[in-house]
Amino acid sequence: MSIALPCRCNPRRMRAAWYTGAGRKGASMSIERLDHVHIYVKDLDEAKRRFGDLLGVEFCEDITPQDVRSEELDKSAQGRGTYATFGIELLEAPPGSPAARAIEPMEEGLGGVSIKVTDLEDAIAEFQAKGMRLVQRTEIGRYRVAWFHPGDVHGVLIELCEYEAANPLEALRQQK
């Protein structure tokens, strides 16, 4: 399926800029790519079935807070989730948790986007210099991550991440 965009840009040049981050104005951080999207769901098992059937993908086994090696992360506030290596993370927030309260108005749907960067510290500094509020940062396995307040970007949680593994799931499971 192809979507025609009403613009005068050279499609080849646009495609090259999309993949490389070229053409971004006022940014010095090195963005590798849009890594994955976070989708909050009420029923993780049903969401896995629905997205799996719809998109023809398989999700990994469920990841619970106990599976994640992090001393900084408040595991009591986390739910369970799953990841499809092509870029969808499904998250089921436990009732009453900060995540559940944050998505309460919409109940389910897009929770945020994750952007993979080559240098997390530089990216954090640049975001903060541009007025973005850092909510939390942590390192889980070999997955380094920082979350920024959705109120600063039109209601979208921005996650910056840095890892060397093939995908976030593998990075989460690697020992430091």
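Quick notes on this structure:
- When ALA166 is tested against the conditions (1) of a type in the set (A, V, I, L, M); (2) in a loop (DSSP other than H, G, I, E, B); (3) touching a Cys at 6+ places or on another chain (Cβ under 8 Å), the lone failure is (3).
- Qualifying positions in region 137-165 - of a type in the set (Gly, Ala, Ser) and either within 15 Å of the chain's Cα centre (by Cα) or at positive phi (or both): GLY141, ALA146, GLY155
- Residue list for region 72-104, filter: part of a loop (DSSP other than H, G, I, E, B), modelled with pLDDT under 70 and either in contact with a Leu (Cβ under 9 Å, 6 or more places away or on another chain) or among the aromatic types (Phe, Trp, Tyr) (or both): GLN78
- Taking the conditions (1) assigned to a loop (DSSP other than H, G, I, E, B); (2) touching a strand residue (DSSP E or B) at 6+ places or on another chain (Cβ under 7 Å) in turn, CYS161 satisfies each one other than (1).
Let's see how each residue does on (1) in contact with an Asp or Glu (Cβ under 7 Å, 6 or more places away or on another chain); (2) farther than 21 Å from SER30 by Cα; (3) of a type outside the set (Ser, Thr, Tyr):
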{"residue": "GLY141", "(1), (2), (3)": "no, yes, yes"}
{"residue": "TRP147", "(1), (2), (3)": "yes, no, yes"}
{"residue": "GLU159", "(1), (2), (3)": "no, no, yes"}
{"residue": "TYR163", "(1), (2), (3)": "no, no, no"}
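- Odd one out for GLU139, checked against (1) of a type in the set (D, E, K, R); (2) surrounded by fewer than 17 Cβ atoms within 10 Å (Cβ to Cβ); (3) farther than 17 Å from GLU32 by Cα: (2)
- Selection of region 77-97 for residues being surrounded by fewer than 15 Cβ atoms within 10 Å (Cβ to Cβ) and either under 13 Å from GLY52 (Cα atoms) or among the charged types (D, E, K, R) (or both) yields only PHE86.
- Residue in region 102-136 that is farthest from ILE31 (Cα to Cα), counting only those that are surrounded by 15 or more Cβ atoms within 10 Å (Cβ to Cβ), within 14 Å of the chain's Cα centre (by Cα) and not aliphatic (A, V, I, L, M): GLY111
- Enumeration of residues in region 153-176 that are among the charged types (D, E, K, R) and either more than 20 Å from LEU34 (Cβ to Cβ) or surrounded by fewer than 16 Cβ atoms within 10 Å (Cβ to Cβ) (or both): GLU164, ARG173, LYS176
- Residue pairs meeting the criteria (Cβ under 6 Å; at least 6 apart or on separate chains; first of a type in the set (Phe, Trp, Tyr), in region 70-88; second modelled with pLDDT of 80 or more and assigned to a loop (DSSP other than H, G, I, E, B)): TYR83/CYS60
- Residue in region 119-134 that is at pLDDT 95 or above and of a type in the set (Phe, Trp, Tyr) present: yes
- Listed by first and then second residue, the pairs with beta-carbon distance under 6 Å, at least 6 apart or on different chains, first residue in region 118-135 and part of a helix (DSSP H, G or I), second of a type outside the set (A, V, I, L, M, F, W, C), are LEU120/ARG144; LEU120/GLU162.
The values are calculated or read from the model by the stated rules, or taken from the named source; none is laboratory data. Just so we're clear, the structure is a prediction, and the values are computed from it rather than from any experiment. For neighbour counting, all protein chains shown are included, and Cβ atoms are generated from backbone atoms with ideal geometry for every residue, glycine included.
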